[in-house]
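A quick write-up on the structure given underneath.
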Amino acid sequence: MRIGIYGGSFDPIHNGHIALVRDALASGFIDCAIFVPTVKNSFKLDTMTLPAPYRYYMTKSVRDELVAKGLKDVYVCDAEFGIKGISYTYMTLEIMTDPEFMTEFLIEQGIKKKKAEGPHEYYWIMGSDTLGTFENWFKPEAILRHATLLAAERPGDKVDVYKAADSIRENLGGEVETFRLNGVDCASSEILKSGDFSQVPEAAREFIATHELYTERTRLKGVSNEAKTKFFESAVWMYPYLGEKRLLHTLNVGYLSAELAVRFGADPDKALIAGALHDCAKELDIDSQREMAADYCGDLFTEKKLLHSPAGAVFARDGFGEKDREILDAICYHTTGRGNMSTLEKIVYLADKIEPARTYMDLEPIRKAAQTDLDEATRMTALAIKAKFDRQERPTHPSTVDMLRDLGIK
Ligand SMILES: [Fe+2]
Ligand SMILES: [Fe+2]
């Protein structure tokens, strides 16, 4: 197969990206196109606004929309999640052009084994503007060893695509092909600046609305750059351990915890990390969870549903390297609460139950209370959970009994 690879931040993905892929496919140079969301882009180290899993799953949602609308042969690949540190294009290509990797990836996409096994030719899809700077990229020869550049050209381009292509052929000995782009002119940075999301595909707009992305909250006001970086890293670290829904939930809790911390006088850096990591152990096998839980607090937690909380503290500590005891405690007690909870612990407990993607009950009254009164919002949450437990005739954990007592609930 002739495979086009299109790397980008997709922060957010917009109709310009779609047009590029659509026209690249129409050009006849490639048989399929693969979006590869960047995990840590060398060009945009400080400007990327969302952790990689959001951008990856948002792009996937758009892919499903494209397929439903008849644009088949487009895929999304998570190849960059395995790269430690900055993801340079040549590294992405090294991974993706590995025959074993690509065969497995294509089979997962539903392509027949014989076709998936290749042989394959690779094309790196790019806009005209990026072609103009290609010779300054990191290890351009290594990129060209793996792939032919497939560059868009359109009337009014600031870069002379043909001249840039000739220069690359001459100086680096690589292959460059061009195709005509008829797409819309838009840029993610402009969309974010203007707040006009009309050029963002519907599936992505829905995704953005569900998780309340690109809002005041996700700008992480009050959070240090170190904590923001750590948050982004935690998202990539958790990616292999959690499915889409749980991973996005736990990251949403990170964002909301940081916002609540600013509002109620806790440390937003700690809240961001504790919230983000709170469910990190939830999809580990139950024996590992049990062992980790015992490590953190002996036999305090034995019920299956509760194990992931103390186990999460240990996994965050030993797996991710988080050493802060307040953060680990907030993770440990996020399900049950406990007596004498710190503000940080209350925040993570609350954020877990009301982050924007949660829909298990009418949360509006609690969300409203959380605008002004942390204790009241926590009390309302604890009461709702107690009522559910009573209905199910489930015993209340002693730590929860202590929390309820502190909150004035019998
Ligand atoms: Fe949990
Ligand atoms: Fe949770």
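The values are calculated or read from the model by the stated rules, or taken from the named source; none is laboratory data. Here the structure is a predicted model, which is why all the values come from computation and not from measurement. All Cβ positions, glycine included, derive from the backbone under ideal geometry; neighbour counts span all protein chains shown.
Look through the stretch 332-350, keep the residues that are more than 12 Å from ligand 2 (Cβ to nearest atom) and of a type in the set (A, V, I, L, M, F, W, C), and return whichever of them is nearest to residue 367 (Cα to Cα).
As a first pass, look at the stretch 332-350 and keep what is more than 12 Å from ligand 2 (Cβ to nearest atom): 332-333, 336-347.
From what is left, the residues that are of a type in the set (A, V, I, L, M, F, W, C) are 332, 341, 344, 347.
Values: 332: 23, 341: 20, 344: 17, 347: 12 Å.
If we take residues in the stretch 332-350 being more than 12 Å from ligand 2 (Cβ to nearest atom) and of a type in the set (A, V, I, L, M, F, W, C), then 347 is nearest to residue 367 (Cα to Cα).
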Is it the case that residue 76 is of a type in the set (A, V, I, L, M), closer than 24 Å to residue 212 by Cβ and not assigned by TED's automatic domain parsing to the domain that holds residue 250?
yes
Long-range neighbours under 6 Å by Cβ, at least six apart or interchain, first residue assigned by TED's automatic domain parsing to the domain that holds residue 165 within the stretch 175-194, second among the polar types (S, T, N, Q) and assigned to a loop (DSSP other than H, G, I, E, B):
179/27; 186/199
Test: residue in the stretch 210-217 that is more than 16 Å from ligand 2 (Cβ to nearest atom), within 17 Å of residue 39 (Cα to Cα) and part of a helix (DSSP H, G or I):
no
On the basis of being away from ligand 1 (no atom under 16 Å from the Cβ), out of contact with any Lys or Arg (no Cβ under 9 Å at 6 or more places or on another chain) and at pLDDT 95 or above, does residue 267 make the cut?
yes
Quick check: anything in the stretch 175-184 modelled with pLDDT under 90, surrounded by fewer than 17 Cβ atoms within 10 Å (Cβ to Cβ) and under 17 Å from residue 7 (Cα atoms)?
no
I'm told residue 388 meets every condition in (1) exposed (fewer than 13 other Cβ atoms within 10 Å of the Cβ); (2) within 26 Å of the chain's Cα centre (by Cα); (3) assigned to a helix (DSSP H, G or I); (4) more than 14 Å from ligand 1 (Cβ to nearest atom) except one. Can you identify the failing condition by its number?
(2)
I'd like to check something: does the stretch 295-310 contain any residue that is within 16 Å of ligand 2 (Cβ to nearest atom) and closer than 22 Å to residue 218 by Cβ?
no
Tell me, which helices (runs of 4 or more DSSP H) wholly within the stretch 273-384 include 2 or more residues that are free of Cβ contacts under 8 Å to residues at least 40 places away in the same chain and farther than 23 Å from residue 406 by Cα?
286-297, 304-315
Count - residues of the stretch 237-252 that are hydroxyl-bearing (Ser, Thr, Tyr) and assigned to a helix (DSSP H, G or I)
1
Is it the case that residue 270 is farther than 20 Å from residue 343 by Cβ, of a type outside the set (S, T, N, Q) and in contact with a helix residue (DSSP H, G or I) (Cβ under 8 Å, 6 or more places away or on another chain)?
no
Residue check, residue 196 against (1) of a type outside the set (Gly, Ala, Ser); (2) in a loop (DSSP other than H, G, I, E, B); (3) in contact with a Phe, Trp or Tyr (Cβ under 7 Å, 6 or more places away or on another chain), all met but one. Which one?
(3)
Being among the aliphatic types (A, V, I, L, M), within 13 Å of ligand 2 (Cβ to nearest atom), more than 28 Å from residue 9 (Cα to Cα) and in a helix (DSSP H, G or I) is the requirement here; does residue 261 meet it?
no
Do we find a residue being closer than 24 Å to residue 31 by Cα, assigned to a helix (DSSP H, G or I), in the same structural domain as residue 38 (by TED's automatic domain parsing) and in contact with a Phe, Trp or Tyr (Cβ under 9 Å, 6 or more places away or on another chain) anywhere in the stretch 147-158?
no
Kindly list the number of the only condition in (1) out of contact with any Asp or Glu (no Cβ under 7 Å at 6 or more places or on another chain); (2) at pLDDT 95 or above; (3) of a type outside the set (Lys, Arg) that fails for residue 150.
(1)
For the structure I just gave you, tell me whether residue 403 is buried (at least 21 other Cβ atoms within 10 Å of the Cβ), part of a helix (DSSP H, G or I) and either of a type in the set (Asp, Glu) or in contact (Cβ under 8 Å) with a residue 60 or more places away in the chain (or both).
yes
When the stretch 322-371 is checked residue by residue, the ones that are within 15 Å of ligand 1 (Cβ to nearest atom), over 22 Å from residue 208 (Cβ atoms) and among the acidic types (Asp, Glu) are 329, 345
